[in-house]
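Derivation of every value follows stated rules applied to the coordinates shown; laboratory data play no part. Quantities reported herein were computed from a predicted structural model and do not represent experimental measurements. Glycine gets a Cβ as well: all are built from the backbone with ideal geometry, and neighbour counts include every protein chain shown.
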Protein chains: 2
Amino acid sequence: MALIVYSGGLDSTVLLHSLAAQGRADAALWIDYGQRHKKEYECAKFNCDKLGVKLDVADLSNLAPLFGANALTDKNTPVPEGDYAEDNMKTTVVPNRNMAMIAIAAARAIALNLDSVAYAAHAGDHALYPDCRPAFADALGEVLKLCHYRPIKLERPFINLDKGDIVKLGASLGVDFSKTWSCYNGATAPCGKCGTCLERRKAFEAAGIKDPLAWGA
Amino acid sequence: MALIVYSGGLDSTVLLHSLAAQGRADAALWIDYGQRHKKEYECAKFNCDKLGVKLDVADLSNLAPLFGANALTDKNTPVPEGDYAEDNMKTTVVPNRNMAMIAIAAARAIALNLDSVAYAAHAGDHALYPDCRPAFADALGEVLKLCHYRPIKLERPFINLDKGDIVKLGASLGVDFSKTWSCYNGATAPCGKCGTCLERRKAFEAAGIKDPLAWGA
């Protein structure tokens, strides 16, 4: 039985629905690491309520000053525009974010007597982010096997899917994509210019599905 | 150059002094995981001020409710008495605490442009705590090698020392043991009954050194 690390973004919302369809979505954890906005939380809450999954919040927002200058947690660092190939996207790296998130998710899974932590790592994750690389995730999985009296499994069911595949899977599971948030900015509508907006657009195009979220100018 | 995970307890205070003597104590991080008391923090602040090491605090106290019932972070769970062999000491296990602490320490080390995280794991650590076992720490070390663009080293310089050896080393480095705190309870003087008090007493006896902290009744 699994705890899902759930951001309220596109990928993890499809993961939540996928595990719920298998009867394995026991709990979800939303991690506040000092993001600039809380649009993703609103989406996470909506989807968990819809599926009857309890959503806990791990509030790490106090830690933001420790993480240094980056565009996701430091309000003085601008959100870069353009795709992930560009060097300026390095400012969106929150140091060691995934290790911290998985560590706390595993702690919560242990407290809830669950045996698995699932997250939505996928084949399109960028080498730009050291903590999205498969070798890193494999090493994390080894740690979780040993972190308690019984092994905790680290599941990455989307590891062989790209983002277009995830959109297709989400559509087949009846995901309401208007209740998923990707944009790094927190305006009423997605900006359409940041790396995650561009990536989301490509994913919907690849899947041949219309994104219900309106684009900004 | 190293960041030290620093609790203000006996072992990590000796580690701080040891790395400072080598000119490698660049930063220290005290982690508030919702401990019942802050006596250790007072000791940590004293020693860092003395040695001129900047001490940051990572405040995880918000997370305590996620960690479930345990004697260290849940005020409704009593602190057990007796030594670590006893099964009731399991209530002092904070789930996956060391992984969360090392993850956040590594994030801070990256933000400070350091290349190493050091902590005071030692040969006397108890198999009672899954996250003190050497295989677990080895796996954590592999994760840290991969968590950033450059490897972060996980140092455990005391891994072959027992607690008596650590007291001897501390004495040779001029550590003021009255400014180290071990007891799980936060009274004026150590209780003398909890597992960590009993262990501290044995360590000083083994080293043939008098503990300057007065014992409770």
Quiz prompt | Where rotation carries B onto A, the chain B residue whose Cβ is nearest that axis, in whole Å | solution = B:Ala103, 2
Exercise. Can you tell me the FRET efficiency between A:Arg24 and B:Gln22 if r is taken as the Cβ-Cβ distance and R0 is 60 Å, rounded to the nearest 0.05?
Key: 0.75
Quiz item: So what is log10(I(q)/I(0)) for segment B:127-185 at q = 0.12, 0.19, 0.22 1/Å, when the Debye sum runs over its Cα atoms only?
Solution: -0.47, -0.91, -0.98
Quiz item: Residue separation times 0.36 nm, minus the C-alpha to C-alpha distance between B:Lys38 and B:Lys202: what's the value?
Solution: 56.6 nm
Quiz item: Hey, what do the phi angles of segment B:175-191 turn into as Karplus ³J(HN,Hα) couplings, whole Hz, using 6.51/-1.76/1.60 and θ = phi - 60°, x for Gly and Pro?
Solution: 5, 8, 5, 5, 9, 9, 10, 10, 4, 5, 8, x, 6, 4, 10, x, 6
Quiz item: Using a label point 7 angstrom from Cα along Cα-to-C-beta, what distances in nm, from shortest up, separate B:Lys153 from the other copies?
Solution: 3.8
Self-check item: Estimated FRET transfer efficiency (B:Asp115, A:Lys145; beta-carbon r; R0 35 Å; 0.05)
Solution: 0.85
Self-check item: Amide H contacts under 5 Å for A:Ala25, placed H, 5+ residues apart
Solution: A:Ala20
Quiz item: With each label point set 7 Å from Cα along the Cα-Cβ vector, what nm distance links B:Ala135 and B:Met1?
Solution: 3.8
Quiz item: Relative to the other copies, what are the label-point distances for B:Asp138, with labels 7 Å from Cα along the C-beta vector, expressed in nm at one decimal and sorted shortest first?
Solution: 1.7
Practice problem: Find every distance from the label point of A:Lys38 to the corresponding label point in the other copies (7 Å from Cα along Cα→Cβ) and write them in nm, one decimal, shortest first. | Solution: 2.5
Quiz prompt | Rg and Dmax [Cα atoms of segment A:138-217; Å; Rg one decimal, Dmax integer] | solution = 16.6, 53
Quiz item: So how many Lys-Lys pairs in segment B:160-217 land under 13 Å Cα to Cα, not counting same-chain pairs under 8 apart?
Solution: 5
